[in-house]
Amino acid sequence: MEYTSGAASWQKVLRRAAAALLPRRARQRRPGWSIGVPLIAAAAGLLFTTTATTAGGTPLREDRRPQLTQLIEDRREQVAASEAKAARLRTEVEEQTAALAGADGPIKTERDRAAASRQAAGFTALTGSGVTVELNDADRRPDQPLPKGASNDDLVVHQGDVQAVVNALWAGGAEAMSIMNVRVLSTSAVRCVGNTLLLHGRVYSPPFKIVAIGDPAELQRALAASEGVRVFKEVAEHYQLGYVERVSTVTVPAFEDSTALQSATVPR
């Protein structure tokens with residue numbers, strides 16, 4: 001009886017303690033819960049509103065894979081059609097080019113005409129009989145006094161001297177010509193800066209060597225008939241300038257400078 005009575009009394013004590021604790025814990029949690037519930041409700045409402053606006057009346061999880069697949073297929077067909085068109089046009093161009101470049105085509109004719117004109121235009125090297133002329137300044141030391149009645153200009157080769165030789169060789173029927181082993185044409189400009197020669201943008205120092213291919217007899221006759229060449233020979237003899245003229249087999253290189261048109265004028 002005492003054991004039972006004691007157990008019952010302990011059970012009563014535990015029930016009273018539990019009853020005393022439960023209300024206190026509920027009161028401790030009630031203020032936080034009362035604040036959190038409205039906040040959660042407001043957030044849920046905002047989420048629902050945003051979702052509805054974004055969806056625009058359509059399902060958010062709508063499967064758009066069929067649309068993307070169709071778009072990719074359409075682009076693939078467009079690319080294939082463009083490639084087929086390009087291949088067809090390329091074939092047509094090759095066929096027409098082959099026809100024009102055939103044995104009787106206009107392209108073949110123009111190519112042959114251009115090849116035949118390369119030699120006359122100066123784009124091929126030539127070897128043959130011709131004349132070489134060398135012009136040089138007077139051979140004197142810096143400390144050597146000038147000849148009586150002479151100036152420094154009298155002892156150097158000038159632009160007009162080189163031009164006189166070049167013009168005489170062209171007049172004598174020169175087929176090709178070079179100055180300082182550089183191919184020149186009938187339109188090449190010869191200029192002197194001091195006692196140096198400026199040709200096609202490059203500067204050369206004396207002696208100036210001029211080579212022409214043609215009939216040697218005709219070339220020499222043209223040199224002898226040139227007034228400018230005759231005057232230079234007289235000055236060269238008086239002031240000891242250099243003038244050498246010889247006939248031999250010579251080689252003239254091909255023209256290698258630009259052929260682009262630099263300027264042009266309309267004839268009046």
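Things to note:
- Charge dipole of the range 188-257 (Cα centre as origin; +1 on each Lys and Arg Cβ, -1 on each Asp and Glu Cβ, all else neutral): 160 debye, rounded to the nearest 20.
- Applying both filters, DSSP loop and at most 14 other Cβ atoms within 10 Å, to the GluC sites (Glu not before Pro) of the range 176-256 gives GLU256.
- Applying both filters, DSSP loop and at most 10 other Cβ atoms within 10 Å, to the trypsin sites (Lys or Arg not before Pro) of the range 145-240 gives LYS148.
- Rounded percent of accessible protein surface that carbon and sulfur make up, the range 179-268, 1.4 Å probe: 52
The values are calculated or read from the model by the stated rules, or taken from the named source; none is laboratory data. Treat the numbers as computed from the prediction; the structure is a model and nothing was measured. We place every Cβ from the backbone using ideal geometry, glycine too, and count neighbours over all the protein chains shown. Remember, those area values only see protein heavy atoms, side chains included, never the ligands or the DNA or RNA. Shrake-Rupley method; radii C 1.70, N 1.55, O 1.52, S 1.80 Å.
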